[in-house]
Structures are given as C-alpha cells and as structure tokens.
Amino acid sequence: MYAEALGAVLAHELVRLNAGIRPVEAPVRGGLAGWQQRIVTSYIEEHLSEQVPLATLARSVRLSAYHFCRAFKRSFGVPPHRYHNARRIEHAKTLLAQPARSVTEIALKVGFSETSSFTAAFRKATGTTPTAYRRSLA
C-alpha cells in the first residue's frame, strides 16, 4: 500500500510539473510600501557617489533603522548597502562604455576613493576588471 501511495504521489507531481502549472506564491509581506520604495531608490540614485547613511534612508520613509533594514531586504532581496553598491557598479558600467573617460575618473565619479577599491568591487560584482569589461564592449 505504501508503494502504491508513493507511486500515486509521484505520478501527480510529474503531471503537475509537465503541465507547467506553477505553485502560487504568496505576495511578499512586511516589505516597504510602493511609495517608500520609490523614495528610497530615487534618493540612492541621486546620491550614488556618496556614502548614504542608513539612518537617513530610514528617516526618509519614516521607519526606525532596524525596521527599515528588514523591510528593505524583504522588498529588494538585498540589504541597503549592497543595493547601493550594485547601483554604483551598474552606473560605472554605463560610464565605461564611454572610451573618453579613464577608469580612475569613473571610479571617483561613482564614489570610490581609489582605483584599486573600485577595481576590487567591480571584479567582485562582475567577475572581471573594469578595463577588461571596457575591452569586451569594443
């Protein structure tokens, strides 16, 4: 009887997987509201080259730093600092497409104090150096 029940469950799962039916996922709860997400993302975009204090972001959406961190991570999937760094790297990628700018100039423009720290962060995020990324675009 156990093998028969197990076979029935297996058959049911195979039919479900092959039919393309996806399990219904509950909406994310406990994250930032839409207006809060817009405020935070626009603030981060406007201040990409600066260090953005967590308290400033939390105040802008009227939350404590603790609740803001938890809600931000639930909404975006990453903590605020990592999101900020990812946005800086994405902006650097667009600037690297312009061959007239040097890598050092781009590093300073996106908020890194040294080229080496920019290169390390860029390599960690993309798996390649800024110069190699620029070469791959050409």
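The values are calculated or read from the model by the stated rules, or taken from the named source; none is laboratory data. Because the structure is a prediction, the values reported are computed rather than measured. Every residue, glycine among them, receives a Cβ derived from its backbone with ideal geometry; neighbour counts consider all protein chains shown. Keep in mind that these areas ignore ligands, DNA and RNA; they rest on the heavy atoms of the full protein, side chains included. Shrake-Rupley method; radii C 1.70, N 1.55, O 1.52, S 1.80 Å.
Keeping every protein chain in place, order H84, H67, H47 by accessible area at 1.4 Å, biggest value first, i.e. largest first. Could you put the intermediate results ahead of the total?
Numbers: H84 10, H67 105, H47 40 Å².
The ranking, largest first, comes out as H67, H47, H84.
Could you pull out the GluC sites (Glu not before Pro) across region 77-135 that fall in loop regions by DSSP (anything but H, G, I, E, B) with no more than 15 other Cβ atoms inside 10 Å?
E114
Using the heavy atoms of the protein chains alone and a 1.4 angstrom probe, what is the accessible area of region 79-138 per residue in square angstrom?
58
So what does K109 come to for accessible area, using a 1.4 Å probe and Å² rounded to 10?
100
Report T119's accessible area, 1.4 Å probe, all protein chains in place, as a number in Å² to the nearest 10.
Around 40 Å² of this residue is reachable by solvent.
Among the aspartates and glutamates, select those whose C-alpha is under 20 Å from the C-alpha of K93, and discard any that sit fewer than 8 residues away in the same chain.
E45, E46, E50, E105, E114
Which option, [x] 46, 34, 20; [y] 38, 35, 34; [z] 71, 44, 21, is the value of Cα extents along the principal axes in Å that was calculated from these coordinates?
Computed from these coordinates, Cα extents along the principal axes in Å corresponds to label [z].
Counting only C-alpha contacts under 8 Å and six or more residues apart, can you give the relative contact order of the chain as a whole percent?
In percent, rounded to a whole number, it is 19.
Please report the accessible area of Y83 (heavy atoms, 1.4 Å probe, ligands and nucleic acids excluded) in Å², nearest 10.
About 40 Å², rounded to the nearest 10.
Taking only DSSP H segments of four or more residues, each worth -39500 (n - 2.57), what value at 222 nm results for the chain once the sum is divided by all its residues, to the nearest 500 deg cm²/dmol? Write out the running numbers ahead of the final one.
Values: 8 runs with 93 residues, N = 138.
Calculated at 222 nm, the ellipticity per residue is -20500 deg cm²/dmol.
Roughly to the nearest percent, how much of the accessible area of the chain is carbon and sulfur, given a 1.4 Å probe?
57
Quick one: order F76, F112, F122 from most to least accessible surface, probe 1.4 Å.
Largest to smallest exposure gives the sequence F76, F112, F122.
What is the mean projected area of the alpha carbon convex hull for region 64-138, to one decimal in square nanometres?
Hull-based average projected area comes out at 5.5 nm².
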